[in-house]
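S.K.: One structure coming up, written as structure tokens, with questions to follow.
A short reminder: the numbers here are calculations on the coordinates, not readings from a lab. These numbers come from a predicted model, not from an experiment. Reconstructed Cβ throughout: ideal geometry from the backbone, glycine too, with neighbour counts over all protein chains shown.
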Amino acid sequence: MDFSFSTEEEAFRQEVRGFLEENLPDPVPTTPEFLREWNAKLRAKRWVGFAWPKEEGGGGGSLIEQYILKEEMSLRRAPPLGSDFMGLAWVGPALIRHGSEAQKKRFLSDILDSSSLWCTGYSEPDSGSDLASLKTRAVRDGDEYVVNGQKIWTSAAKQAKWIFNLVRTESSSRYGGITCLLIPMDTPGIEIHPIDNLSGRPGFNEVFFTDVRVPVENRLGKEGEGWRVVMGALANERSGISESTEMTRKLDSLIELARNSRKAGRPALEDTSVRRELAAFDTRIEAMRLNGMRNLSRQLKGDPPSSETSINKLLRGALEIRMAELSLEVLGSASQLEGPWQNAALSFHGTVIGGGTPNIQRNIIGERILGLPKD
Amino acid sequence: MNFGFEEEQELLRREIRKFLDEQCPMEEVRRLAQSSDGYSREQWKQLAELGWLGLMLPEAYGGAELTWVDAVVLLEETGRSLFPSPLISTTLAGSAIADLGSEDQKGRWLPGLADGSRIGTIAFLEDNDVLGPAGIQLRGRPRGDAFLLSGEKRLVADVEQADLWLVPFRVGDPEDAIAIAVVERDADGASGRPLPSIDRTKRTGTLQLDEVPVGPDALLGPPAGASLGLSRVLDRGALALCAEVIGAAEAALRITVEFAKQREQFGHPIGHFQGVKHPLAEMYVEVESLKSLLYYAAWAIDEDPEVAPAAISRAKAYAADAFTRIGIDGIQLHGGVGYTLEYDIQLYLKRSKWARSMYGDADYHYDRVARARGL
Ligand SMILES: Cc1cc2nc3c(=O)[nH]c(=O)nc-3n(C[C@H](O)[C@H](O)[C@H](O)COP(=O)(O)OP(=O)(O)OC[C@H]3O[C@@H](n4cnc5c(N)ncnc54)[C@H](O)[C@@H]3O)c2cc1C
């Protein structure tokens, strides 16, 4: 057991701090020009895809250094490391693990340069939690697949250049009939219909495929290996969703809110139930952070992220709900109005449902870890 | 950074496991729980021979000079077995004497604690039920260079078994004007009176003090200078208790999972139903998160003492809530047999009831977490 950082790691932390001191204005600008410049600077330091191998264009940094980098960035509320969120979080890692040399060459540097943008085509109207029942068909025709079907809830499909897409190549085998295709979004036959989320913003989309022709070389992994690819990708997605640093920032803001609010005529922070709730949040976020470190340690020993990531996804889901409720409690009657906290209390549901609902995480733990019979 | 136990610690765990499986299976636990001693002197002697009573004491006084992380390994296993013994009390007494005592005092008391010939405990709680220096209202009446102690200490773990009682008392009005005396069993005017504990594998009772004289050579550290030492002992108590909670909670989970795999209703093992599977998954989340919090705290005690108190409070607050729920759900998921004396799950419920308030309940520890965060 050793939670200390080595001298090199501490030196790296200082380097990150120095960089932020010099390059990140306060308050952080949100203009597209600033983001472009920011991404370019980070790229030049090889901090985008920092833990990817050097031969793949990454920074060759250790997982620990990447943790330090993300923690420091989040402390200063810096914009994300690179803007191709899904490309960096799971498409890239899946390419590194399962991709051919040609595919890696073709896609990885664009992801790192933030010049590509990926979206993810798993869910279908009749296949959500039961993802393996997906029906979008891909039929082989010479050197191409012909894809027909529909995806739904596809985030960022409108802006994306590529879709990381699951299709069915074989109907007789539930898991073994799934294949992963990498498809350009401007391929003829793809149609995108935005769906407004409950806040009235275009949050996600329906994506229709009609005789979409995809070269066989765009297949990731072998035919029928899509389930294996996606299990790894989902574990990466879940460990990402669960990063505690974002929750720490949320708690900081919530504490600020409480500090400046009154409850029943008294400072909210003097209310014992408010104090206790805040301390419980602090504790649960710390548990998430340490669970994350434990996963990291396992990865350092060579085990890729797996079902254990469902732990933090569940912790985060429960925390989002309780933190939103406390913010409304502290706001008092003003919680009836629209406002940033009120809106957050509506929109957190996206993170709780996306990437697999809490019930599905409980099934994963119950069945894959505890060995209970499948339902 | 390495979130995991070392090879030697895994070895230690296997040895302890073997010892407990052989010497103290559940029938033996049940027998000891009904005995008047409450523990087995024979087993206690063996623990001493295996070096586990002086695990953290200095080598010069018969100890093995290991760390709190090693102690966590030991206590997780004793907790898993609900091993009835004054191990935590004796460990705390030894660590307080090693921490605060003079060389002369260490030489007088530590070898006996390490070789199993003497049992120690700490008598900290009074009528006001306030934990820590502020709760110490028992005043030492000066007589020459000694003090006379009169009063009562409540809920003293292993009070009747102990040969040494560590008794904190007040020597002045400032909150931190605390001294700690070592009162030996045969001291005039001191006596322990047992009370029935809700968990019969844990013994407790009242320490009665009637004009008990304590000379300067019985005081740990300078008079009025032991406040910090007292806080530290209580922190360590909370840490030790959490380690036992992890083992016990994990055992309760395992027992219930096994039951859910084997008991059939409606043509299925009940673990097939989500009303059973999901609470078990939640128990798993709680146990794993508690491990993360506690391992960090145990590491911090030795390696980063400044962050240790808050880290321990997070773990104890979390443990109190989590174990309470695990105890309750464990019974409920067993159905009728869960309510019998025959099934072991009730023993864990009783342990959870004992553990929730010991060394501070969730409210107490969340309040400390809130303070550490500046709330
Ligand atoms: C903001 C957001 C962004 C998203 N982005 C994407 C994206 O980019 N790409 C993509 O492919 N998908 C995306 N999704 C889809 C998301 O993965 C699914 O919504 C999710 O997996 C649930 O599927 P579903 O909506 O079909 O609900 P259903 O599966 O129909 O579930 C409905 C309810 O039934 C419960 N349920 C279902 N099966 C079981 C069971 N076996 N046991 C117990 N309870 C069960 C669920 O927990 C849920 O409460 C996104 C979703 C959201 C909210």
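S.K.: For every other residue with a beta carbon closer than 11 angstrom to the beta carbon of B:Arg325, add +1 if it is Lys or Arg and -1 if Asp or Glu, then tell me the sum. Don't skip to the end; give the middle numbers.
M.R.: Values: positive: B:Arg356; negative: B:Glu282, B:Glu286, B:Asp321, B:Asp329.
It works out to a net charge of -3.
S.K.: A follow-up question, please. How many partner chain Cβ atoms sit within 10 Å of a residue's Cβ in peptide A:308-319, on average, as a whole number? Don't skip to the answer; put the middle values down first.
M.R.: Details: counts 1, 0, 3, 8, 3, 1, 5, 4, 0, 0, 2, 0.
Partner Cβ neighbours, averaged per residue: 2.
S.K.: Greater than 18 Å separation of Cα atoms is the criterion. Which listed pairs, A:Lys45/A:Lys70; A:Lys104/A:Lys161; A:Lys54/A:Lys105; A:Lys135/A:Lys313; B:Lys202/B:Lys350; A:Lys313/A:Lys374, meet it?
M.R.: Details: A:Lys45/A:Lys70 14 Å; A:Lys104/A:Lys161 16 Å; A:Lys54/A:Lys105 13 Å; A:Lys135/A:Lys313 27 Å; B:Lys202/B:Lys350 10 Å; A:Lys313/A:Lys374 21 Å.
Table pairs above 18 Å Cα-Cα are A:Lys135/A:Lys313; A:Lys313/A:Lys374.
S.K.: Further question on the same structure: Can you find, among B:Leu155, B:Trp354, B:Leu280, the residue farthest towards the positive end of the dipole of the protein assembly as shown? Put +1 on the C-beta of Lys and Arg, -1 on that of Asp and Glu.
M.R.: B:Leu280
S.K.: Placing +1 on the Cβ of each Lys and Arg and -1 on the Cβ of each Asp and Glu in the protein assembly as shown, which of B:Ala308, B:Ser89, B:Gly229 has its Cα farthest towards the positive end of the resulting dipole?
M.R.: About the Cα centre, the residue reaching furthest to the positive side is B:Ala308.
S.K.: Rg/Rh for the protein assembly as shown: what does it come to with C-alpha atoms and Rh from Kirkwood?
M.R.: Numbers: Rg = 29.5 Å, Rh = 28.8 Å.
Dividing the radius of gyration by the Kirkwood radius yields 1.03.
S.K.: Using the beta-carbon distance between A:Leu346 and A:Ser4 and R0 = 45 Å, what value does 1/(1 + (r/R0)^6) give for FRET efficiency, to the nearest 0.05? Could you put the intermediate results ahead of the total?
M.R.: On the way: r = 42 Å, r/R0 = 0.92.
The value I calculate is 0.60.
S.K.: Now a separate question. Go ahead and run the numbers for FRET between A:Leu20 and A:Ala44, Cβ-Cβ distance against an R0 of 22 Å, rounding to 0.05. The partial results should precede the final answer.
M.R.: Values: r = 15 Å, r/R0 = 0.68.
That pair, A:Leu20 with A:Ala44, gives E of 0.90.
S.K.: Using just the Cα positions, wrap chain B in a convex hull and report its mean projected area in square nanometres, one decimal place.
M.R.: Working: hull surface 76.5 nm².
If you wrap the Cα atoms of chain B in a convex hull and average its projections, you get 19.1 nm².
S.K.: List the DSSP H helices in chain B whose Cα atoms stretch 18 Å or more along the helix axis and whose mean Kyte-Doolittle hydropathy is at least 0.5.
M.R.: On the way: long enough: B:7-23 (24 Å, -1.57); B:87-100 (20 Å, 1.35); B:227-262 (53 Å, 0.71); B:274-303 (43 Å, 0.03); B:308-334 (38 Å, 0.27); B:345-357 (20 Å, -0.78).
Taking the DSSP H segments of chain B (at least 18 Å long, mean hydropathy at least 0.5), we get B:87-100, B:227-262.
S.K.: Exposure proxy check: A:His193, B:His272 ranked by fewest other beta carbons within 10 Å? Before the final figure, lay out the partial values.
M.R.: Details: A:His193 12, B:His272 20.
Ranking A:His193, B:His272 by Cβ neighbours within 10 Å, fewest first, gives A:His193, B:His272.
S.K.: Compare the Cα positions of A:Ala324, A:Leu251, A:Ile311 along the charge dipole of segment A:238-369 (+1 at Cβ of Lys, Arg; -1 at Cβ of Asp, Glu; about the Cα centre) and return the one farthest towards the positive end.
M.R.: A:Ile311
S.K.: Of A:Cys180, B:Cys242, how do they rank once you tally other Cβ atoms within 10 Å and put the fewest first? Walk me through the intermediate numbers first.
M.R.: Working: A:Cys180 25, B:Cys242 31.
The most exposed by this proxy come first: A:Cys180, B:Cys242.
S.K.: To test your reading of the geometry: what angle, between 0 and 90 degrees and rounded to tens, separates the Cα axis of helix A:340-353 from the longest principal axis of chain A?
M.R.: Relative to chain A, helix A:340-353 is tipped by roughly 40 degrees.
S.K.: Oh, and also: Quick one: which residues, 5+ away or cross-chain, put their amide H under 5 Å from the amide H of B:Asn2? H built at 1.01 Å from N.
M.R.: A:Asp2, A:Phe3, A:Ser4
S.K.: Right, another one. So what's the angle, to the nearest 10 degrees on a 0 to 90 scale, between helix A:7-23 and the longest Cα principal axis of chain A?
M.R.: 80 degrees
S.K.: Any idea what % of Cα-Cα pairs in segment B:127-255 are farther than 17 Å? Spell out each step's value before the answer.
M.R.: Values: 5099 of 8256 pairs.
When all Cα pairs of segment B:127-255 are counted, 62 percent exceed 17 Å.
S.K.: Then there is this: Would you mind checking which residues have amide H under 5 Å from B:Leu195's amide H? H placed 1.01 Å from N; only 5 or more apart, or other chain.
M.R.: It is B:Thr204, B:Gly205, B:Thr206, by chain and number.
S.K.: Apply the Karplus curve 6.51 cos²θ - 1.76 cosθ + 1.60, θ = phi - 60°, to the phi angles in segment A:274-287 and return the couplings in whole Hz, x for Gly and Pro.
M.R.: 5, 4, 5, 4, 4, 5, 5, 5, 3, 5, 5, 5, 5, 4
S.K.: If you average the alpha carbon positions of segment B:291-312 and of segment B:146-170, how far apart do those two centres end up, in angstrom?
M.R.: Here the two parts' Cα centres lie 28 Å apart.
S.K.: Could you state the number of Å between the C-alpha centres of segment A:279-327 and segment B:54-92?
M.R.: 30 Å
S.K.: Give the order of B:Val72, B:Val257, A:Val28 when sorted by the count of other beta carbons within 10 angstrom, beginning with the fewest. Don't skip to the end; give the middle numbers.
M.R.: Numbers: B:Val72 28, B:Val257 22, A:Val28 13.
The fewest-first ordering by Cβ neighbours comes to A:Val28, B:Val257, B:Val72.
S.K.: Related question: 5 Å is the cut-off here: which amide hydrogens, built 1.01 Å from N in the peptide plane, fall below it relative to A:Leu220, excluding neighbours closer than 5 in sequence?
M.R.: Close amide H contacts, sequence-distant or interchain: A:Cys180, A:Leu181, A:Leu182.
S.K.: Go from 0 up to the bin containing the longest alpha carbon distance in segment B:38-144, width 5 Å each, and give me the % of pairs per bin.
M.R.: Calculated over all Cα pairs of segment B:38-144, the distribution is 2, 11, 20, 21, 17, 13, 10, 4, 1, 0 percent.
S.K.: Give the separation of the Cα centroids, segment A:162-216 to segment B:251-265, in Å.
M.R.: Using only Cα atoms, the two centres lie 42 Å from each other.
S.K.: With a 10 Å radius around each residue's Cβ, average the other Cβ atoms per peptide and rank B:182-192, A:277-287, highest first. Provide the component values of the computation, followed by the final result.
M.R.: Numbers: B:182-192: 16.1, A:277-287: 23.5.
In decreasing order of mean packing, B:182-192, A:277-287 become A:277-287, B:182-192.
S.K.: Sticking with the crude label model, points 7 Å out along Cα→Cβ, report the distance from B:Ser357 to B:Ser35 in nm, one decimal please.
M.R.: Between B:Ser357 and B:Ser35, the label points sit 2.9 nm apart.
S.K.: At 222 nm, what value in deg cm²/dmol follows for chain B if DSSP H runs of at least 4 each add -39500 (n - 2.57) and the sum is divided by all its residues, to the nearest 500? Let's see the in-between values first.
M.R.: Values: 11 runs with 191 residues, N = 375.
-17000 deg cm²/dmol, from helical runs alone.
S.K.: Give the span of segment B:173-228's Cα atoms along each principal axis, as three whole-Å numbers ordered largest to smallest.
M.R.: 37, 26, 18
S.K.: At 7 Å along the Cα-to-beta-carbon direction for both B:Glu65 and A:Val28, put a label point, then send me their distance in nm to one decimal.
M.R.: The answer from the label model is 4.8 nm.
S.K.: Specify the angular offset, from 0 to 90 degrees and rounded to the nearest 10, of the alpha carbon long axis of helix A:63-75 from the longest principal axis of the alpha carbons in chain A.
M.R.: 50 degrees
S.K.: What Kirkwood radius, in Å to one decimal, follows from the Cα pairs of segment B:269-375? The partial results should precede the final answer.
M.R.: On the way: mean 1/r = 0.0660 Å⁻¹.
After inverting the mean inverse Cα-Cα distance, the result is 15.2 Å.
S.K.: Average partner chain C-beta neighbours within 10 Å, per residue of B:292-303? Don't skip to the end; give the middle numbers.
M.R.: On the way: counts 11, 7, 1, 5, 8, 1, 1, 4, 1, 0, 1, 4.
Partner Cβ neighbours, averaged per residue: 4.
S.K.: Taking the Cα centre of segment A:266-375 as origin, work out the dipole magnitude from +1 charges on Lys and Arg Cβ and -1 charges on Asp and Glu Cβ, in debye rounded to 20.
M.R.: Details: 14 positive and 13 negative charges, 100 e Å.
Here segment A:266-375 has a charge dipole of around 480 debye.
S.K.: Still on this structure, please answer the following. Under the 0.36 nm per residue contour assumption, what length would be gained going from the current alpha-carbon distance of B:Ala134 and B:Asp104 to full extension?
M.R.: On the way: separation 30, 0.36 × 30 = 10.80 nm, distance 2.94 nm.
Length difference between fully extended and current span is 7.9 nm.
S.K.: Further question: Quick check for me: using +1 on Lys/Arg Cβ and -1 on Asp/Glu Cβ, what's the dipole size of segment B:201-291 about its Cα centre, in debye to the nearest 20? Each step should come with its number before you reach the end.
M.R.: Details: 9 positive and 11 negative charges, 69 e Å.
With only Lys, Arg, Asp and Glu charged at Cβ, the dipole is about 320 debye.
S.K.: Using just the helices of chain A, give the 222 nm mean residue ellipticity in deg cm²/dmol: DSSP H runs with n ≥ 4 each add -39,500 (n - 2.57), and the total is spread over all residues, rounded to 500.
M.R.: Details: 11 runs with 167 residues, N = 375.
Rounded to the nearest 500, the figure is -14500 deg cm²/dmol.
S.K.: Can you tell me the length gained on complete extension of the stretch A:Lys222 to A:Glu37, counting 0.36 nm per residue apart and subtracting the Cα distance?
M.R.: On the way: separation 185, 0.36 × 185 = 66.60 nm, distance 3.84 nm.
So the chain would gain 62.8 nm between A:Lys222 and A:Glu37.
S.K.: Place a +1 charge on the Cβ of each Lys and Arg in the protein assembly as shown and a -1 charge on the Cβ of each Asp and Glu, then give the dipole magnitude about the Cα centre in debye, rounded to the nearest 20. Let's see the in-between values first.
M.R.: Numbers: 88 positive and 110 negative charges, 357 e Å.
Around 1720 debye, computed over the protein assembly as shown.
S.K.: Here's a follow-up. Please give me the summed charge of the neighbours of A:Trp153: other residues whose Cβ is under 11 Å from its Cβ, Lys and Arg +1, Asp and Glu -1.
M.R.: Numbers: positive: A:Lys151; negative: A:Glu124, A:Glu206.
Value of the local net charge: -1.
S.K.: Okay, moving on. Within 10 Å of each Cβ in peptide B:317-323, how many partner chain Cβ atoms are there on average? Round it to a whole number, please. Display every interim value, and only then the final one.
M.R.: Working: counts 5, 5, 0, 0, 2, 1, 0.
Whole-number average of other-chain Cβ neighbours for B:317-323 is 2.
S.K.: I want the antiparallel fraction of DSSP beta bridges within chain B, as a percent rounded to 5. Each step should come with its number before you reach the end.
M.R.: Numbers: 27 of 31 bridges.
So the antiparallel bridges in chain B amount to around 85 percent.
S.K.: Please find the FRET efficiency linking A:Gln336 to A:Arg13, where r is the Cβ-Cβ separation and R0 is fixed at 30 Å, and quote it to the nearest 0.05.
M.R.: On the way: r = 44 Å, r/R0 = 1.47.
That gives a FRET efficiency of 0.10.
S.K.: Describe numerically, in nm with one decimal, the distance between label points set 7 Å from Cα along Cα→Cβ at A:Glu191 and at B:Asp210.
M.R.: The two pseudo-label positions are separated by 9.5 nm.
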